[in-house]
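Remarks on the structure that follows.
The values are calculated or read from the model by the stated rules, or taken from the named source; none is laboratory data. Note that this is a predicted model, so its numbers are computed, not measured. All Cβ positions, even for glycine, are placed from backbone atoms using ideal geometry, and neighbour counts span all protein chains on display. Note: accessible area is taken over every heavy atom of the protein model, side chains too, but ligands, DNA and RNA are not part of it. Shrake-Rupley method; radii C 1.70, N 1.55, O 1.52, S 1.80 Å.
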Amino acid sequence: MADSVPVRCPTCRRENAFTPPTFPCACGAPLTVPVLRGGVPVEIVHRTWQGSWVMVRCDICGRQDEWPAPESGCVCGTVVRIPVVPLSLIR
């Protein structure tokens, strides 16, 4: 299981713990979406298909694929998209 990271709600400024999702890669290895620590979450006001996916590379087989963009809800009702580490910064 991935470590949780603190996420500050842009609306109420409340800090919430968020655990990045882990998915199975096509090779069978667990793939955890790399959350950008210290990144600023963005409130989701309008959903788009393109904005709902992020490109992530598997550490085991090197395959790059799209996975659901990590999102988190706050008790105030705000839903935010959590920033992920860009592929250009990984390895």
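Calculate the FRET efficiency for Thr22 and Val79 from the Cβ-Cβ distance with a Förster distance of 30 Å, rounded to the nearest 0.05.
Working from the Cβ atoms, E equals 0.90.
Using a 1.4 angstrom probe on heavy atoms only, work out the carbon and sulfur share of the accessible area of segment 5-89 in %.
Solvent-exposed carbon and sulfur of segment 5-89 make up 55 percent of the total.
How much area per residue is accessible in the chain when the probe is 1.4 Å and only protein heavy atoms are counted (Å²)?
That works out to 65 Å² for each residue.
Counting Lys and Arg as +1 and Asp and Glu as -1, what is the net charge of the other residues whose Cβ lies under 13 Å from the Cβ of Ser72?
Value of the local net charge: 0.
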